[in-house]
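Engineer: The structure follows.
Computed from the coordinates by the stated procedures, all read-outs in this text should not be read as laboratory data. These figures come from a predicted structure and were not determined experimentally. A quick note on method: Cβ atoms are made from the backbone with ideal geometry, for glycine too, and the neighbour counts reach across all protein chains shown.
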Amino acid sequence: MISSTFRTVLFGCVVLAACHSNQDQSQEVTLDGDSVAVCHTGAIPSRFASISDTSSHSRGDDKVTMVRIEGGKFQMGSASFPDAQPIHEVEVSSFFMDEHEVTNAQFAKFVEETGYRTIAERPLDPKDFPGVDPNMLIPGSAVFTAPQKVDNLNNHLQWWSYIPGANWKNPEGPDSDIAGKEVFPVTQLAYQDAEAYAKWAGKRLPTEAEWEYAAKAGKHVDETYYWGEEKKEDGKWLANIYQGSFPTENTKEDGFERTAPVKSFPANAWGLYDMEGNVWEWCADFYRPDYYASSSSVNPKGPADSYDPQEPGAIKRVQRGGSFLCNDIYCERYKAGSRGKGEQNSPTNNVGFRCVKDI
């Protein structure tokens, strides 16, 4: 079973999974979304079966401002999304949270000090791909590229491509780089990469409950967006999301076609930036669509394992906040209380993270 990669150049298939529209998950549906998980068969082993994290993780200092989030109770979930139900009361303890997503400059310092190599940069072991031409086993990652036209929105391969050489330093492929983008959010990171950075910085990834509690910042559960009911304020966009006709025409009304520098949009009431849009953010929890029915009411840490009926063989973690590809026509999962999901070893150019720290 492939449990970890969207190597479209090898297998000719990907499954978009982190963000999908409001549909009954008990029905057979066509997946849609703006993040990528795996296409798997029963015949091919995990691309990452032999990968282990060998960096020393000597303690670093990313020097980012952290906001103290005072603990409390809130109503977690959303009535608009089946896997975010039932809405239930949750209590979380106080914690610190990065005021913005981890940037390219922060991640570059981590790599410089530890020599860490991300999942997208690591070679593919031919033993994990029996029968595949070794010349095709080239490190890379998935990249969104706007097509000139689309037949319909059911075939995501029209805008997602596996690009050899795509990684955090070259997020759109070998012809791209991050020069001049030091304060943009780092992307093309798998869950393991984000977790490694957090460990180096003396922090950890947030739980799903911590993330939502911080994003809501005391707002009422029924509000459509984390900032309130209206999508704009005084005619201005409040998050980096997709405007126009997805996926062919991004009108860039918010000023950005892809990622935006962190802190480009107003902070929420608790001083946190980009809690919606820009890039998806990894959370520590495994993903299960039925978890809320049995979730702990105090500091929940997610289920013991992962299960997604749409991809039973994939190991998925929760992603939160949506990305620059979210919009109300194709992807609504940037809205308040909604949940995203991503195969844990599948980086893309619209997924990043931020860290938290215990008091």
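Engineer: Taking neighbour counts of Cβ atoms within 10 Å as a proxy for exposure, in what order, fewest first, do Val143, Val186 appear? Can you show the working numbers first?
Structural biologist: Working: Val143 22, Val186 29.
So the ranking, lowest neighbour count to highest, is Val143, Val186.
Engineer: Next question. Around Trp270, under 14 Å between beta carbons, what's the net of Lys plus Arg minus Asp minus Glu among the other residues? The partial results should precede the final answer.
Structural biologist: Values: positive: Arg68, Lys216, Lys219, Arg354; negative: Glu70, Asp98, Glu99, Glu210, Glu212, Asp274, Glu276.
Result for the local shell: -3.
Engineer: Assuming a strict under-21 Å limit between Cα atoms, what lysine pair count do you get for region 54-199 once near-sequence pairs (fewer than 8 apart, same chain) are dropped?
Structural biologist: Taking the Cα cut-off of 21 Å, the pair count is 9.
Engineer: Would you mind calculating the gained length between Asn155 and Ala269 on full extension (0.36 nm times residue separation, minus the Cα-Cα distance), in nm to one decimal? Numbers along the way, then the final one.
Structural biologist: Details: separation 114, 0.36 × 114 = 41.04 nm, distance 3.88 nm.
Between Asn155 and Ala269, full extension yields 37.2 nm more.
Engineer: Give me Tyr287, Tyr307, Tyr162 sorted ascending by neighbouring Cβ count inside 10 Å, so fewest comes first.
Structural biologist: On the way: Tyr287 28, Tyr307 17, Tyr162 21.
Least crowded to most crowded, the residues run Tyr307, Tyr162, Tyr287.
Engineer: Give me the distance between the Cα centres of region 139-197 and region 222-268, rounded to whole Å.
Structural biologist: 20 Å
Engineer: Something else: If the cut-off is a Cα-Cα distance under 23 Å, which lysines reach Lys231, setting aside same-chain residues fewer than 8 apart in sequence?
Structural biologist: Lys216, Lys219, Lys252, Lys263, Lys335
Engineer: Give the shape of region 178-253 as rounded, prolate or oblate, defined through the alpha-carbon gyration tensor: a ≥ b ≥ c are the square roots of its eigenvalues, a/c under 1.5 means rounded, and otherwise the shape is prolate if a/b is larger than b/c and oblate if not.
Structural biologist: Since a/c reaches 1.5 but b/c is at least a/b, the shape of region 178-253 is classed as oblate.
Engineer: May I ask you to sort Ile163, Ile315, Ile87 by Cβ crowding, counting other Cβ atoms within 10 Å and putting the fewest first? Can you show the working numbers first?
Structural biologist: On the way: Ile163 25, Ile315 20, Ile87 15.
Ascending Cβ contact count within 10 Å gives the list Ile87, Ile315, Ile163.
Engineer: Can you classify region 65-205 as rounded, prolate or oblate using the Cα gyration tensor, where a ≥ b ≥ c are the square roots of its eigenvalues, rounded means a/c under 1.5, and otherwise it's prolate if a/b beats b/c and oblate if not? Can you show the working numbers first?
Structural biologist: On the way: a/c = 1.93, a/b = 1.34, b/c = 1.44.
Oblate, because a/c is 1.5 or more while a/b does not exceed b/c.
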